[in-house]
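The values are calculated or read from the model by the stated rules, or taken from the named source; none is laboratory data. Since the structure is predicted, the reported quantities are computational estimates derived from the model, not experimental observations. Cβ: placed from backbone, ideal geometry, glycine included. Neighbour counts: every protein chain shown.
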Amino acid sequence: MGAGAPPHESADLFEEAACGLARTADDGTFVQVNPRFCQWVGRVAQELVGRRKLQELLTMGGRIFHQTHWVPLLQMQGSISEVKLDVVHREGHTVPMVMNAIRRQGAGPAFHDVAMFVAKDRDVYERELVQSRKKLEVLVAQANRLQSEAADRALFAEQMVGIVSHDLRNPLATIQMGATLLSRGEVSSNQMRVLGRVSRAAERANRLIADLLDFTQARLGEGIPLALRSSDLRAIIAEAVEELALAYPGRKLVHRHEGASHCVADSDRLTQAIGNLVSNAMSYGRPDAPVTVCSQVDTAAFGVSVHNHGAPIAPELQPALFQPMVRGAAEAASGRSVGLGLFIVSEIVKAHRGVMSVESSADAGTTFKATFPLA
């Protein structure tokens, strides 16, 4: 098989090669085989040379490949490189081999020189790779299914929150109306205190329901609805602060305004945002320090801020403050709220195309500020 080398050297190389070597006729009949190949297939040369064809030692898939690819490719391009085929051993098991072949056309009939290497390790690796890929595909499919189910459950939960919150408003309205009517009659001072507690509890429940409804709308992608109109920012904030001061007797609540007053906004939503920010400031601010609400209008924007003195918000917590169910201090575990207040504020500001910011330090205190475009 070694053209150009002395005959005895070529014979030695062929017989002692570390790989399997074979020469076949154009139809695949073995013309010559070396001991290594015979050892790998469990046969002797006399069983193969002139009696068997290369394709007859292949599995059914290998025979199909030999007919549809091996022969045409050798005829067209004269060689084939690194083709892995399973060769059937005499005892019936298969031996994976990587084959390289060259078609030689001399003065006589054409023949094929084939070099073969056992590829058990490569075969094991490829099978493991295929199995790993299948396992990965199964895991990805499971992850996608679980993600889809989680999204469906979250959507269902948010829809249920919206439905239940909406349906709770009617009985709460009845409770409030009943408490109001009873307070107009002849009642004792103790009864009046009880009615006051009932009315305040119903009002707190109404605010919680309003937050839950807004949360549901925001999470379902609809956003918080607005009714924009020309408004007087000074009057809106002053009225909101006046009402909030009644809800926090014994605490000092101050309003300061700068600049003009005109803006375009949803006054009810601004009042709601201020209420949530003040409630937050009252909860986390020092009881002996004032809570200050500032409003201002300039030529390009208008803004509202709420400031309190107290323990600062840790810097690592600030980026997540406006996410639902997040609170700014460990003391919030006492259960004062469900953690929707700042999220609702943020959504109201976004709906106005504004931005929220927070600054907090031990010396300066904590300031939440909303800035809106004037137009």
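Things to note:
- In summary, S295 fulfils each of the numbered conditions (1) under 22 Å from E347 (Cβ atoms); (2) among the hydroxyl-bearing types (S, T, Y); (3) out of contact with any strand residue (DSSP E or B) (no Cβ under 7 Å at 6 or more places or on another chain) with the single exception of condition (3).
- Residue list for the range 293-315, filter: within 15 Å of H352 (Cβ to Cβ), buried (at least 21 other Cβ atoms within 10 Å of the Cβ) and β-branched (V, I, T): V304
- Search result, residues across the range 181-191 that are in a helix (DSSP H, G or I) and either surrounded by 12 or more Cβ atoms within 10 Å (Cβ to Cβ) or modelled with pLDDT under 75 (or both): L182, S183, Q191
- Considering each residue of the range 189-205 in turn, at least one proves to be charged (D, E, K, R), on the phi < 0 side of the Ramachandran plot and in contact (Cβ under 8 Å) with a residue 24 or more places away in the chain.
- Condition check for T94: in contact with an Asp or Glu (Cβ under 9 Å, 6 or more places away or on another chain), without any contact (Cβ under 8 Å) to a residue 40 or more places away in the chain and surrounded by fewer than 14 Cβ atoms within 10 Å (Cβ to Cβ): no
Condition check ((1) loosely packed, with under 15 Cβ neighbours inside 10 Å; (2) hydroxyl-bearing (S, T, Y); (3) touching a Gly at 6+ places or on another chain (Cβ under 9 Å); (4) under 19 Å from V31 (Cβ atoms)) across all residues:
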residue: G50; (1), (2), (3), (4): yes, no, no, yes
residue: R63; (1), (2), (3), (4): no, no, no, no
residue: Q67; (1), (2), (3), (4): yes, no, no, no
residue: N100; (1), (2), (3), (4): no, no, no, yes
residue: V114; (1), (2), (3), (4): no, no, yes, yes
residue: A143; (1), (2), (3), (4): yes, no, no, no
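- Those strands (runs of 3 or more DSSP E) lying entirely in the range 71-154 with at least 2 residues within 46 Å of the chain's Cα centre (by Cα) and under 17 Å from L57 (Cβ atoms): 79-88, 94-104
- Within the range 241-279, if we keep just the residues that are of a type outside the set (D, E), assigned to a helix (DSSP H, G or I) and over 20 Å from G354 (Cα atoms), the residue that is farthest from the chain's Cα centre (by Cα) turns out to be L246.
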